[in-house]
Amino acid sequence: MKVSGFTIIRNAVKYDFPVVEAISSVLPLCDEFIVAVGDCSDGTLELIQSINSPKIKIIHTVWEEEKYRSKNLEILAVETNKAYAAVAKDSDWAFYIQSDEALHEKYIDVTYKAMQQWKDDASVDGLLFNYQHFYGSYDYLGASPRWYRREVRIVRKRDDIFSYKDAQGFRKLPNEKLNVKLIDADIFHYGYVRDPKKMAEKMNFNQAMHSDDPNKMMAMFNYDNVDALSRFEGTHPALMQERINQMNWRFDFDPSFNKMRLKDKFKLFTEKITGKRFGEYKNYKLF
C-alpha cells in the first residue's frame, strides 16, 4: 500500500500556522508528502525545508488572488488541486491535512488499518474523520452545531477527484459527493488558537483579498464571537506540546455560558437522543 500526503501553505510564518506540526503528524503514514508552497517571502519555504525529511517534496505555486476573488475562497481549492495533482500516480491513498490541523499519534494505527481495510474496495472513494475544533486556547472546544463534525481527509488518487469550494472537502466528477467510510479517528483543528494579533492580520488579509471594500476589513480580532464552548479534557498530539507551552495570550471561558440559537440547542438535544444532527451539511455520502 502506497500513501501520499499533501497540503498547501503560504505565509506560514507571518500568520503563525502550525504547518510543521500538521505535516509531521501524518508523515509516519506517508511514503511521500507533497507541499505546495505559495509565493511569499516570510520564510515559509525555509520552514518547510526545516522538516528535513526525504519524504517531503516541495512544489512552488503562485496564488492568483484577483482571478479567484470571491467569498467562497475558491483559490484554496485551486491550490489544493495543484498539490493533489503532484501526488504519485501509483498511490493508493492521498492524505490531505490542512496547515492548522493535526492527527493525534494515538490514531496512527487505526488510520493505517482503515486504509488497508478499504484499499481494494473501489466503491470507497475516501475516509471520513471526526473533528475537534479548538477555540481561543488549547483548553476549549467549539460546542455548537456551527462547527462541522466530520470531514474527508483521505481520498483515492484518481483523476476524477477534486478539491471542492473552500477546500474543506472533496468531490468527484461531474460534481458528485464521495462515497466514504467513517473511521474511529479525530482530526484536531487549531485554526482559532493563535495569538489574537496574528488572527487579526489573517482575517484582514482574507477580507482584503475577497472584498471590494477595504473598509469592511477587521481592525482587530478577539475571541468573543462564540456561542458555546466545552472544556477539553483529553490530550493533544505530542508534537503540539511546544507550541502549547509557548502560548502567550490568555483566554478564559465559562462553559456554562451559552448563547446558542434555540434551533441549535434543539439540534444538539436531538443529536444526544438519536445520534444524528438534523440539518447537518454533509459534503459526502456515508455508507
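The values are calculated or read from the model by the stated rules, or taken from the named source; none is laboratory data. Predicted model only: the values in this text are computed from it and were never measured. Glycine also receives a Cβ, built like all others from the backbone with ideal geometry; neighbour counts cover every protein chain displayed.
Of all residues in region 139-165, how many are touching a Leu at 6+ places or on another chain (Cβ under 6 Å) and farther than 22 Å from Tyr223 by Cβ?
Of all residues in region 139-165, those touching a Leu at 6+ places or on another chain (Cβ under 6 Å) come to 140, 143, 150, 152, 154, 160.
Restricting the remaining residues to those that are farther than 22 Å from Tyr223 by Cβ gives 150, 152, 154, 160.
Number of matching residues: 4.
Within region 88-113, how many residues turn out to be among the hydrophobic types (A, V, I, L, M, F, W, C), surrounded by fewer than 23 Cβ atoms within 10 Å (Cβ to Cβ) and more than 24 Å from Tyr190 (Cα to Cα)?
Matching residues across region 88-113 total 1.
Kindly provide the set of residues from region 259-287 that are part of a loop (DSSP other than H, G, I, E, B), free of Cβ contacts under 8 Å to residues at least 60 places away in the same chain and surrounded by 12 or more Cβ atoms within 10 Å (Cβ to Cβ), ordered by number.
Correct list: Arg261 only.
Examine region 41-50 for a residue that is farther than 23 Å from Val152 by Cβ, in contact with a Ser or Thr (Cβ under 9 Å, 6 or more places away or on another chain) and not basic (Lys, Arg), and state whether such a residue exists.
The initial filter retains those residues of region 41-50 that are farther than 23 Å from Val152 by Cβ, namely 41-50.
This time we only want the ones that are in contact with a Ser or Thr (Cβ under 9 Å, 6 or more places away or on another chain), so: none.
No: region 41-50 contains no residue that is farther than 23 Å from Val152 by Cβ, in contact with a Ser or Thr (Cβ under 9 Å, 6 or more places away or on another chain) and not basic (Lys, Arg).
Per-residue answers, yes or no, for (1) of a type in the set (Val, Ile, Thr); (2) under 27 Å from Tyr284 (Cα atoms); (3) at pLDDT 95 or above; (4) not in a helix (DSSP H, G or I):
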residue: Asp186; (1), (2), (3), (4): no, yes, yes, yes
residue: His189; (1), (2), (3), (4): no, yes, yes, yes
residue: Met209; (1), (2), (3), (4): no, no, no, no
residue: Arg250; (1), (2), (3), (4): no, no, no, yes
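Residue-by-condition table, conditions (1) in contact (Cβ under 8 Å) with a residue 40 or more places away in the chain; (2) over 18 Å from Gln168 (Cα atoms); (3) polar (S, T, N, Q); (4) in a strand (DSSP E or B):
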| site | (1), (2), (3), (4) |
| --- | --- |
| Ile8 | yes, no, no, yes |
| Val13 | no, yes, no, no |
| Phe33 | no, yes, no, yes |
| Leu45 | no, yes, no, no |
| Ala77 | yes, no, no, no |
| Ser91 | yes, yes, yes, no |
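Residue pairs, Cβ under 8 Å, 6 or more apart or interchain, first in region 153-171 and in a strand (DSSP E or B), second surrounded by fewer than 20 Cβ atoms within 10 Å (Cβ to Cβ) and basic (Lys, Arg). List them.
Ile161/Lys172; Phe162/Lys172; Arg171/Lys177
Counting just the residues of region 114-152 that are in a strand (DSSP E or B) and of a type in the set (D, E, K, R), which one comes out surrounded by the fewest Cβ atoms within 10 Å (Cβ to Cβ)?
Looking only at region 114-152, we keep the residues that are in a strand (DSSP E or B), and these are 126-135, 140-142, 150-152.
If we keep only those that are of a type in the set (D, E, K, R) as well, we get 150-151.
Details: Arg150: 20, Glu151: 22.
Out of the qualifying residues, it is Arg150.
Name the residue that is farthest from Leu239 (Cα to Cα), counting only residues in region 41-68 that are under 21 Å from the mean Cα position of the chain (by Cα) and at pLDDT below 95.
Tyr68
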